[in-house]
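Student: Quick one: this structure, given as structure tokens, is what I'll be asking you about.
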Amino acid sequence: MIKVHGIKNCDTVRKALKFFKENLIDYDFFDFKKEEVSSNMIDYWVKNSSIDKLFNNRGATYRNLKLKDLNLDDEGKKKWLKKESMLLKRPVIEYNNKVIVGFNEQEYKDIFL
């Protein structure tokens, strides 16, 4: 089963969900705003993807927390992801022991179709 993690009002999450619906692919959706992202989930995602793919340094949360000033290393980024799930790039998809971050239509076609 495909697990899609994100927030409903995120453009890239909406694109991913639309892709799955249009291609009649079943998935479970986990909303960051309704369900807590555990420390173990972050560890698993980093292990099966990368901190640079997961850590959103372009979003409002990053700017509002002034994290650029901290010049975070990978461990620092991981600690912040565990504190603030809105720093995650979205969607985060778990599928066949893989973690796919963001939306890329061609990548989705290659993986899911």
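The values are calculated or read from the model by the stated rules, or taken from the named source; none is laboratory data. Quantities reported herein were computed from a predicted structural model and do not represent experimental measurements. No Cβ is skipped: glycine too gets one built from the backbone with ideal geometry, and neighbour counts run over all protein chains shown.
Student: Across region 37-56, which residue is surrounded by the fewest Cβ atoms within 10 Å (Cβ to Cβ) among those that are part of a loop (DSSP other than H, G, I, E, B) and without any contact (Cβ under 8 Å) to a residue 12 or more places away in the chain? Give the steps one after another, and end with the answer.
Tutor: Of the residues in region 37-56, the ones part of a loop (DSSP other than H, G, I, E, B) are 37-38, 49-50, 56.
Checking which are without any contact (Cβ under 8 Å) to a residue 12 or more places away in the chain leaves us with 38, 50.
Details: 38: 11, 50: 13.
Taking the candidates together, the pick is 38.
Student: Yes or no: region 5-16 includes at least one residue that is in a strand (DSSP E or B), modelled with pLDDT of 95 or more and within 20 Å of residue 108 (Cβ to Cβ).
Tutor: Yes: region 5-16 contains one or more residues that are in a strand (DSSP E or B), modelled with pLDDT of 95 or more and within 20 Å of residue 108 (Cβ to Cβ).
Student: Turning to a different aspect of this structure: Taking the criterion of being free of Cβ contacts under 8 Å to residues at least 12 places away in the same chain and either over 16 Å from residue 10 (Cα atoms) or not charged (D, E, K, R) (or both), would at least one residue in region 93-102 satisfy it? First the steps, then the outcome.
Tutor: Taking region 93-102 first, the residues free of Cβ contacts under 8 Å to residues at least 12 places away in the same chain are 96.
Next cut, either over 16 Å from residue 10 (Cα atoms) or not charged (D, E, K, R) (or both) only: 96.
Checked against the condition, which is being free of Cβ contacts under 8 Å to residues at least 12 places away in the same chain and either over 16 Å from residue 10 (Cα atoms) or not charged (D, E, K, R) (or both), region 93-102 yields at least one hit.
Student: So which of 32, 103, 55 ends up being at pLDDT below 95, under 13 Å from the mean Cα position of the chain (by Cα), closer than 17 Å to residue 7 by Cβ and not charged (D, E, K, R)?
Tutor: Answer to the check: 32.
Student: So, one more: From the list 32, 20, 103, pick out the single residue that is out of contact with any Ser or Thr (no Cβ under 7 Å at 6 or more places or on another chain), of a type in the set (A, V, I, L, M, F, W, C) and crowded, with 17+ Cβ neighbours inside 10 Å.
Tutor: Exactly one residue qualifies, and that residue is 20.
Student: Pick from 62, 27: which is of a type in the set (Phe, Trp, Tyr), touching a strand residue (DSSP E or B) at 6+ places or on another chain (Cβ under 7 Å) and either surrounded by 14 or more Cβ atoms within 10 Å (Cβ to Cβ) or within 12 Å of residue 4 (Cβ to Cβ) (or both)?
Tutor: Answer to the check: 27.
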